[in-house]
Each structure stands twice: as C-alpha cells, then as structure tokens.
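Note sheet for the following structure.
Please treat every number below as a calculation from the coordinates, not as lab data. Remember, predicted model here, so these are calculated numbers, not experimental data. Note: ideal-geometry Cβ built from the backbone for every residue, glycine included; neighbour counts use all protein chains shown.
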Amino acid sequence: MATIAPAVPSPSLHERLQRIWETPPGLFGILGTVDHKTIGKRYLVTAFTFMLAGGLEAALMRAQLAGPNERLLTPEAYNQLFSMHGITMIFLYASPILSGFSNYIWPLMLGSRDMAFPRLNALSYWLFLFSGLFIYSSFLVGQAPDRGWFAYAPLTEGPFSPGLHMDFYALGLLFLTVSTTVGAINFIVTLFKLRAPGMSINRLPIFIWGTLTTSFAVLFAMPSLTAACVMLYFDRRFGMHFFDVAAGGHPLLWQHLFWIFGHPWVYIVVLPAMGIMSDMIPTFCRRPLAGYTFVALATVSTGILGFGVWVHHMFATGLPDLSTDFFSAASMVITIPSAVAVFAWLATIWHGRPVLRTPFLFAAGFIVLFVIGGVSGVATAAVPFDRQLTDTYFVVAHLHYVLVGINLFPVIAGFYYWLPKMTGRMLSERLGRWNFWTMFLGFNLGFFPMHIAGLLGMPRRIYTYPAGLGWGTVNLVTTIGSYVFAVGVLLFLVNVLWSLLRGPAAGPNPWDAPTLEWATSSPPPPYNFEVLPSVGSRHPLWEGRLPDEGTARSVLDRGPELDDGRETLGVTPLDAEPSEILTMPEDSLYPFLLALSLLVTFYGLLTSVWAMAVAGAVLVIAMTIGWLWPGDVPEEA
Amino acid sequence: MATAVAHRLPVGRAGKGATGWWGMLLLIVTEASLFAYLLFSYFYLGSMARGAWPPSGPPELRLALPNTVILLLSSAAMWWAESGVRQGRQGRLRLGLLLTLVLGIVFLAIQVVEYSHKQFTPATDAYGSLFFTITGFHGAHVAVGLLMIAVVAVRAWLGHFSERRHLAVTNVSWYWHFVDVVWLAVFTSLYLSPRFL
Amino acid sequence: MLLSPTYLRTFGVVADRMATLGWILLIVSSVVVLVVSVLVLVGVLRRGTGSFAPVERGGPGLRWIVIGGIVVPVVILVAVFVLTVTTQAAIASPATPPGLTVRVIGHQWWWEVRYLDPSPDRIATTANEIHIPVGRPVRFEVVAGDVIHSFWIPELAGKTDLIPGQRNVMWLEADHPGVFRGQCAEYCGMQHSKMAMSVVADPPAAFDAWLARQRLPAASPSDPDMVAGEAVFTSSACALCHTIRGTPARGRVGPDLTHLASRRTIAAGTLPNTRGYLAGWIANPQALKPGNVMPAVPLKPTELQVLITYLQSLN
Ligand code: HEA
Ligand code: HEA
Ligand code: CUA
Ligand SMILES: [Cu+2]
C-alpha cells in the first residue's frame, strides 16, 4: 500500500520526474526507449514514408496507364507495382499511421504517463518496421509480390507463381500480424486500466472509441489472415493442398478467409480516422459533438457489423442467390451507422461556428469524399449491378474515395491538428490552404473519372489497354489529377519542413481544444503530466464554459505526483475509480532484439535455411525469458 | 472521486484484473479465434469434399482418447498448483507445476507416436494438410505452454511467488487451461464429428 | 472507332435489368452526394469565420441524426434492397429454357469455347469468339482450366467467375445482332490485360449455318502452298499444342485452329486476324503478348509463308 497525496506542480517535482522518465541519449536510448511519444512519432514517420513509396509506385502505374498501348512498364513490373502499391497502402500505411496517432495521443488524451505495456509498444513498432522492410526487400531480388493485395489462390500457388514473390507476401504479412495483434492488446488494456480517474466510458473521446473498436476487431479478424497466410506458405513450401482442388482443397477457402479478415480490416483503417474527425470537428465548430452517444454507438456497431458482410467481395463467384442477398442486405445495414456519423458532423457544423483553419478544411473535404465513397459502396452492394461493377475501375474509385477520403484526409488533418503538440510549432496556414485545395481538387480530378472508366467497362489490374475503347481520355485525366494530388502531398511535406525550421510557437493549446492532451505543454515532457489529472466531464478544458456540464469537476493542476520511479495510476475498467499504482518498466533493448530475432526466423523461413529459422526462434525464446525475468526490485503486491 | 484528495492504493496487483492478466486474456481471445478459423477451414473443405470425408475414415481414438484424458489431468494439476500458491503453499505450487509439466510432455510424446502411425502425410491431400496443421498448431501451443510452465517452475523454486504475488502463475495457468479447451474443440471436430456427421 | 463496352448501354435482357438498377443507383447516389455536399458547403459558409468564437453548447442536433442519419437512409436503402432482390430474381433464369449450352474454359490467357451436344462428334470447339443466335437465351457453363478467371460481356451480362473445382452456370441473350467485346475480369497473371474475347450475335439462320460449319473438320487443302503449309504445321511443334480437326494435329495446349480463318482476332482479342499479324504472331508471339504460353517456333521464311497461307484457308 502506498498513500498518494495530491500535490501541485513545482520545479523540483519537474526535475525529479524528468530524471525518472527521460530516455538516456545514445544508442541505448535510441534502440531501447519505451516512451509512447517517441514510438508514436516513429510509427507516423515510418508509415508516412511507406505511403510515399506506395504513392511513387502509383505514380509509375499512372504514367503507364496515361494512354493506350504505353510501353513504359513491362507486365511483370506493372503487376509487382500495383500489388506492392495495394499491400503498402493497406498494410504498411493505412493501419500503422493510425497506430502512430493512437500511440502518441492516447496516454495524453487519457491523462496517463504511458501505455499499459510500454515495452510491448516498442516491440510492436520494431516488428512493424522489420516486417515492412522484409516485404520491401523483395524488390532487391526483383521478386516483389505480384498477385494483388488479396492474392487469390490458385494463382498464388507454387505451379502458377514460381519464385519468392508470394513467399514474401505470406511471410511478410504473418510477421506484420504479430505487430498489429500486440498493438491491439496494448490499446485495449491501456483503455481498461490507464485512464485519468473519473474518465468513465461515457466521457471517452470518439477517437478513443475508434481505436478501441478497431483493436477488438483486430483480435478477431487478424487470425483469419494468419490462418490463410500459413496455409499459403505451407502449400507453396511443403506441397500441402489447402487451395488445390485436385487434392481436396478449394480456392474459395482462401477467399472466405481473406475477406473475413479483409472487410473488418477496411473498417479498422477508418474508424480511428473517423474518430479523429469526430473530436476535431467540435473543436473547430466551437461546440460539443452533436449526438455523442449516437456516434460512439455507431463506431462500435460498425466494427461489429463489419464482420458480417465479407461475401460482398464474392458476388461473382457463383454463390446461391439467397446467400448473396443476405450479404447485400448486411452491406446496406452497415451504411446506417455511417450515415449517423455523417449527420452528426453536419449537425455540429450547422449548430456551431466553424473556424476555417486548415485542419477544418480537411475535415469538411473528408465528409464529402466519405459520402461519395460510401454511396459507390452501396452501388456495389446491390448484387446484380455489382456483377457489372466488380473488378472494374469503379471499385478502384470506390476504394480510393473511402481510403483516401476517410483515411488519408483525416490523417493529414490530424497532422495539422496535432503536429503543433508534437513539435511545439505551428504549420503555415497559407501553405496549408494551398495544400488542401491541391489535394482536394487533384484527388477529385484524378479519381472521379475512375468511376467513369469503370462504367465504360475498363477492368482493373490491367497493365495496358487497346486504343479505340474510349478509355484513353479518362485515363489521361486520372493521371493528371493524380500528379496534382501528388504535388499536394509534396506541399504537405514542405509545410512540415517549414514548421520544423521556423514555425511559430504553438503553446499548450493553440486550438482552444477541450481534451486532455492539450492540458500539457507542447511538446509534452517525457512524463506527460507533472501531476496526474482527474476528469469530471467530456470536455475537461472547456469546463465552466458549457452551461449544462455544471461546475468544473476536472482537476488538472492538483493530483498525485507518483515520483517513486516510473509510475502511473491504474483505474477500474468501467468507472475509472483509482484502484492501484502501476509500476512502469524502464527502457530496454529486449523489444528491439526480440524483433530482430524474429526477422532472422522469417528470413530463414523465406530461404528454407531451417537452421537459421530455428536459431532465430531460439533467440526469440531467450529474449522473451530475459524480458519477462523479474529485475532486482520485484514489484510488491 | 478523485485523486485531488489523499488515497491509499496498492502498488501493482496480484492476479485477476492486473494489466498483465488482461493482456493474457486478450491473447487467449485472439488465439481462440485463430483456432476457430482453422476449424472453420476444416469443416468448409469437408463440406466441399466430393469423396468420403475424412478420406481415410475417422481418425482412431485408441491413442487420442487417453491422450485427451492426460491433458485434462494436466489442467487439474495446474489448477491445484495455482490454488496452492494463492494460499501461499509453495510445495503444492512446485509439485503441481512439475506434474503439469510431466503430463504435458507425455501428451506431446503420445501425439508424436500417433503421427508416426498415420498412413498419410501433410502433402497427401487437403485432409492431411488440415489434420497435421491443426493438430500441429495445437501441439506448438502445448510446447509453448510447457516452456512457460518450465520457466515458472524454476521461478517457483527460486521462491519468486507468494500468496500476494503470483501473476505469472495465474497467467500461465489461464493459458494452459485455454490450450486444453482448444484441444477439446480440436478433438471434437477432428476425431468425433466424422463419427456423427 | 469502337464504342466502349459500357454496361449502361445494353443489348440483352440480363444486362438491361442490371443497367436499369444501375441507373437508379447512380441517380440516387448523385442526389445523396449533392445534398450532403450542399449541406457541408452551406453549413461552412453560413457561419464560418477565421477566428475562434467562444465555445457554446449549441443545439443538440438530434433531429439531424434521426432524420438524415436514420429515417431517410432506411427508406432509401429498403427501396434499393427490394430492387436488388427483384432484379436478382428476374434474371435468375430465362423465360424459356435455353436450347443451347456453351462451355467456356478459361486458360492463361485465352478462352476455349465448346458448343455442347449430346453426341460427342457434334461438339464444336473454337476459341475467343463466341457466336450466339439473336433473341434466344443461351446457357453458359464456365469452368477454369488453371486459375480463376471471370467471364464478362458488359453489354450482355455481368460477371461470372471461372473457379477451379466448380462449374458456374449463367445465361444471356442478345436482342440485337452485333459484336460485343468481353474481357477477363479476374486478375489471372501476367497477361490478364490481354485476355479478351468477343460475342457475336447472329440472326438465327446465320448462327445455325455458322455452327454447322464449326462442327466440320478442316477441308483438305488443294493448293500446293497450302499442302506444304499443312505439312509444316503437322510436322513442327505446332501440332503438339494445337488441334486442327481433319489433320493429325491433336495438341490440346493452345486454341483449336480448325476454323481459325473464320475468327476476327487472334491471341484472345489482342490482334486482328490478318496475314501480317498472323505472321508476326507466329514468328514472335512473345513480343506481342509477353509471357503467353506459346513459344516462337523456329521456321524458315518460306515455311512461314506457306504456313500462313494454309492457316488463312482454315475457314
Ligand atoms: C476505407 C475503407 C472502406 C470503407 C469505409 C468501405 C465502405 C463500404 N464499402 Fe467498400 N471496399 C473497400 C474499402 C472500404 N469500403 C475496399 C478497399 C474495397 C476493394 C477491395 C478490393 O477489391 O481491392 C471495397 C470493396 C467493396 C465492395 C466489393 C466490390 C467488388 O469488388 O465488387 C463492396 C460491395 O458491396 C463494398 C461495399 C461497401 C459499403 C456498402 C460500404 C459502407 O460502409 C459505406 C457507408 C457510407 C455511406 C453510404 C455514406 C454516408 C451515408 C449517407 C450520407 C446516408 C445516405 C446514403 C444512402 C441512403 C445511400 N466495398
Ligand atoms: C490508403 C490506400 C491508398 C492510397 C492512399 C492510394 C493512393 C493512390 N493510388 Fe491506389 N490502391 C489502393 C490503395 C491506395 N491507393 C489499393 C488497396 C489498391 C488495389 C490494389 C490491388 O488491386 O491489389 C489500389 C490500386 C490502385 C490502382 C489500380 C491498379 C490496377 O488495378 O491496375 C491505381 C491506378 O491508378 C491506383 C492509383 C493511386 C494513386 C495515383 C494514388 C495517389 O493518391 C498517390 C499519391 C502519392 C504520391 C504520388 C506520393 C507522394 C508524393 C511525392 C513523394 C511527391 C513527388 C512525386 C511525384 C510528383 C510523382 N491505385
Ligand atoms: Cu483471365 Cu484475367
Ligand atoms: Cu467489404
């Protein structure tokens, strides 16, 4: 037992905490840090870099498709590029970038000093980085995955796909799965245990609801991909027959397993982003979110319903009408929570006073893109029409409107919003407007015509097309629009650079936002909060200004200091009553070394050098034991 | 509420409800889903099969049935060990862990013997692939569980645990019971269901 | 100039029904997008400012959520779903049972086509060009020869996948004579882009005549060049992969060439079937369709010439 008495911030407390929480400089600090803010930034930078790589791949594809019968790329090159583009964007960008935001923001927003498992957090970053590099190392041997991001068997099986292409795919994704799963567990436990006292579940920011829903979805969806990739690898390497009809397997097994994972996954990569929007729009509309409870419920129900629609990717596979009709209905039901969210944002805007700063411009643009992408999803959910739309550029248009509209736009908005918190410096507002308009107009110019290309009968995944089918013009426009869009991305990078070099100081709360992350300095100190805050409403920083949220009950300037080593407060899962003091781990090299060992294992599996795989596995076990072995000061119960 | 007034709180937590315990619980949830998908694959390919399923008839129970009992016994031993440490009884903890370890190893050994009697291999047909992959995955989980139990047993001998501090034991025992329950699902699906379906 | 093979301008009852549903969906979608965009734009411009106003509670906005987010979408979606199901049911099977069954076998990267018939010697085999009679429903059995492909004639019907281990069935009917382009719609490897085909809808009499001709073996050549060409074909590697009925060539790897000259294109819709392209194809198939299964067979120029002459006589 320990007594925690409320304290107030003071220079000596600051110094003590700084000593306790600071990561030492040098190589050990770089590889061993477990600070969620450092890890979050690494996630953001790494995932964004993968986005640029995927974007570059797309830029090459667009050059090839600009006109009929272009000869810039060979079919082999094109097929690797579009596959790696999809794999990169879906797996190495869209989800990890949101993990980056969650990692950085969660403890700050929740009023804690770190995540529940800081070392697992470091581990999940290293695993992400290494699995990304593992997949990209396929380019070095000229054998990048080339069967599309959903890799339908039997085209991926040994006889139809010689070489290492699809081994990189199967093993790379298995590797990444570990990272994502570890990350999801960490978020859930953090939410259950590491909140500010008083932050009961009806006071959680929607962003938290988004990542929470996503994390649960990961736990249930990811294993389906794991199973599929294991089977694929076994088929290819050990001559097994999961997808081989000649020996009792079936290609549709792959499709079911993949989409049972795949459809939940597309909501996994947007729910936190929609959460970012739900928290940001109120800040810029100077009022609380309309229909908080509706939006929270919509988030959770989308996550759940997302498990019941996977067959809408398989409408042309010859399933019975009864089954396709069922999944068509389910796909329409799932639009209701999205519609609820859209109209909650609209109501917030209409009943508020929008401040037209860059983050809000991206938010407004996002709503429009979301609806365009959403209704094209509804069109593909109508089975008979989908028999025409499927596998055409109409689907490519749909997926970019939703992925770019509800993932990339909120991500850029998130950067404009939170980068000042991370770096302490504002971005340029003027450049920001240019950035928004080039991206918004470029995107629509580039991707809207894809709907038309699809309606004109252009299939997807073709490296070239003949003249005379009327596809030339739309494709040229798409290419031009994509490049305008790329310039927009470039402007964003320029703005970030400008901000780092000479951006004006941000101060703790440049947007006068209501959530806890704005209560600490920008950038926050290693320990986040000098005294741990307690929360009395949904908008701790707006208290006293909203009539019906009553008297201010949040306490931000007085609270436990917890300065006996790295400590933070544990609470009860639902009501967030303080329940224990949590001892947090020190920096450690184990996460890095464990991830490295796993990399050795995966290269062993890739090359069939079994000794290497086994050596890696033994190292993994050794690292795990070393990691978990209690230190000199075992925590006292 | 709040921590703006003085409070007395424990530092860390012993078992259920600790962060580590939640972590283990969620790991079990996702692992259970993995086995659910593997068994889904088994039934899916079974439903699509054109010939008999399983092609060589239901697998024999001669070894598998006793083996199931052995695994169940190991779970009981684990429970005995864990409830021991909760009362601070070090001897029961050590003995229970040892017993679990031995029973687990026997289970794996019998599994290997059963494998060696099989007329088919993972590369024979899809059924073979499924049989060996599913039981193999389970076997791998047993092996990982045994490793964890071994580490915990060493720590038990070093006197790391007490009635107040035994999170590692609790976690390992949850994991072990989970592996057991998975076996029951695997056993029912692979060994029993072909006899009834 | 060809027109685009768009499925919004259709020539058969299956595609017609799909297009009707499609137009409704596109119009409803456009209206939804328009309404929301206007709401965003007006909402932002109406009270938007450049500076931070004081925080207020504002209206609860629940009416927006209930009407815009629940009631209106539910009404629209129920209507859309009813249309989906009724359209689906309407095109499930033709009014009169089809008298003709065509089996389409997908290969990397070409289409084998068989007109099924109870007596095996009346089965006509061809490739990449499917003839059907106008105004009569035709049943298609689509199967995969290797990997998954998807059979798709936008102007006549939607897609049906060809899946190993599975025999999918669909039907279509053309109500106008014409040539309709189709293209493989499931990514099937390196030359997925060049796996096209065409469906030719003929008046019934013309169709019957065509089918009767396709059933016949190739006529024995008379002209000496053609005789020489046939000899080149049957004595070189060609015969290992191709069938020309009426000759010893019985290969099954590539398309049946018995009536090659009757087709409009070669190499799965990739090239026009002219003397020049035929020669170019045979001399170097890998240059025209990289990665396809047919290798360049070394031939002397004279051999190539007589071979082409022979192939062009296969009518
Ligand atoms: C970012 C992720 C994301 C999101 C959020 C969605 C959202 C939706 N998707 Fe999408 N989808 C993808 C990513 C996503 N999709 C990807 C990547 C693919 C392609 C995979 C591949 O093949 O490579 C795909 C493919 C895909 C298909 C298969 C197409 C095919 O291959 O044939 C279908 C079919 O039903 C579909 C449906 C839907 C539906 C109904 C929604 C709904 O959730 C949308 C709901 C939202 C709205 C409708 C807008 C807001 C609502 C209103 C304003 C109310 C009023 C509206 C109406 C009354 C209509 N999607
Ligand atoms: C989050 C997901 C995401 C994002 C952001 C994008 C972004 C883009 N995508 Fe992609 N895309 C997918 C997810 C995504 N895509 C998926 C899942 C598929 C399906 C794959 C499959 O079928 O398997 C797909 C498929 C796909 C296709 C279809 C390929 C085919 O079927 O043959 C095309 C074709 O145009 C395309 C284009 C683009 C373009 C032009 C961008 C642009 O937005 C990219 C813009 C970014 C940059 C260009 C880089 C940054 C800019 C700079 C560094 C400045 C300097 C560079 C230049 C000036 C060139 N994408
Ligand atoms: Cu065949 Cu694509
Ligand atoms: Cu989907």
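The long axis of helix A:335-350 is offset from the longest Cα principal axis of chain A by roughly 50 degrees.
In straight-distance terms, cross-link reach from A:LYS421 covers every one of the aspartates and glutamates whose alpha-carbon lies under 13 Å from its own, apart from those fewer than eight places away in the same chain; here that gives A:ASP512, A:GLU517. By the rule of a C-alpha distance below 15 Å, with chain neighbours fewer than 8 residues away ignored, the aspartates and glutamates paired with C:LYS289 are A:GLU70, A:GLU76. When you filter the trypsin sites (Lys or Arg not before Pro) in the range C:15-63 for DSSP loop state and at most 11 other Cβ atoms inside 10 Å of their Cβ, nothing is left. Taking the centroid of alpha carbons for each part, the range C:151-204 and the range A:1-44 are 64 Å apart. What shape does the range C:211-315 take by its C-alpha gyration tensor, where a ≥ b ≥ c are the square roots of the eigenvalues and a/c under 1.5 counts as rounded, a/b above b/c as prolate, and the rest as oblate? It is rounded, given that a/c, with a ≥ b ≥ c, falls under 1.5. Any chance you could check the Cα centroid distance between the range A:267-336 and the range B:127-197 for me, in angstrom? If we compute the Cα centre of each part, the gap is 36 Å.
Mind pulling the angle between the C-alpha long axis of helix A:429-455 and the longest principal axis of chain A? Nearest 10 degrees, somewhere in 0 to 90. It is inclined by approximately 30 degrees. With K and R counted +1 and D and E -1, the other residues having a Cβ less than 14 Å from that of A:PRO526 yield a net charge of -3. Note on the range C:61-206: dipole from Cβ charges, positive end direction compared against C:GLY68, C:ALA95, C:VAL138; the farthest Cα belongs to C:GLY68. Taking every DSSP beta bridge that has both ends in the range C:125-280, the antiparallel portion is near 80%. Here the label points at B:SER162 and A:THR23, each 7 Å from Cα along the C-beta direction, are separated by 3.5 nm in the simple model. For chain A, adding -39500 (n - 2.57) for each run of n ≥ 4 DSSP H residues and dividing by the number of residues yields -20500 deg cm²/dmol at 222 nm. Here's the picture: charge each Lys and Arg Cβ at +1 and each Asp and Glu Cβ at -1 in chain A, and of A:TYR125, A:PRO197, A:PRO524 the one pushed furthest to the positive end of that dipole is A:PRO524. Taking the C-alpha atoms only, the angle from helix A:610-628 to the longest principal axis of chain A is near 20 degrees. Shape verdict for the range C:125-255, please, from the Cα gyration tensor: rounded (a/c under 1.5), prolate (a/b greater than b/c) or oblate. Taking the square roots of the gyration eigenvalues as a ≥ b ≥ c, the range C:125-255 is oblate. Other residues within the sphere of radius under 13 Å centred on the Cβ of A:PHE315, judged by their own Cβ, net out at -4 (K and R +1, D and E -1). Projecting the Cα atoms of A:LEU599, A:LEU582, A:SER537 onto the charge dipole of the range A:512-637 (Cβ charges, centred on the Cα centre) puts A:LEU599 farthest toward the positive pole.
For chain B, the relative contact order is 34 percent, taking Cα pairs closer than 8 Å that sit 6 or more residues apart in sequence and dividing their mean separation by the residue count. Between the range A:210-261 and the range A:374-453, the alpha-carbon centres lie 29 Å apart.
With the cut-off at under 19 Å, measuring from each backbone N in the range A:311-352 to a point 7 Å along the Cα-to-Cβ line of C:SER93 picks out A:318-325.
Normalised by the number of residues in chain A, the average gap of Cα pairs under 8 Å and 6 or more apart makes the relative contact order 20 percent. Decide, for the range C:38-134, between rounded, prolate and oblate: order the square roots of the alpha carbon gyration tensor eigenvalues as a ≥ b ≥ c, take rounded if a/c falls under 1.5, and otherwise choose prolate if a/b is larger than b/c, else oblate. Because a/c hits 1.5 or more and a/b exceeds b/c, the range C:38-134 counts as prolate. Of A:VAL295, C:VAL200, the sequence from fewest to most neighbouring Cβ atoms within 10 angstrom is C:VAL200, A:VAL295.
DSSP finds beta bridges in the protein assembly as shown, and of those with both partners inside it, around 75 percent are antiparallel. Here is what passes the span test in chain C: the DSSP H helices with alpha carbon length of 15 Å or more along the helix axis and a Kyte-Doolittle mean of 0.0 or above are C:13-47, C:72-90, C:224-235, C:301-312.
Other residues lying with their Cβ under 13 Å from the Cβ of C:THR243 contribute a combined charge of +2, Lys and Arg counting +1, Asp and Glu -1. The sum of -39500 (n - 2.57) across all DSSP H runs of n ≥ 4, divided by the residue count of chain C, sets its helix-only mean residue ellipticity at 222 nm to -11000 deg cm²/dmol.
Working from label points 7 Å from Cα in the Cα-to-Cβ sense, the B:LEU61 to A:ILE201 distance is 4.3 nm. Here the label points at C:THR49 and C:ALA206, each 7 Å from Cα along the C-beta direction, are separated by 7.3 nm in the simple model. Computed over chain C, relative contact order equals 16 percent, with contacts defined as Cα pairs under 8 Å that lie 6+ residues apart.
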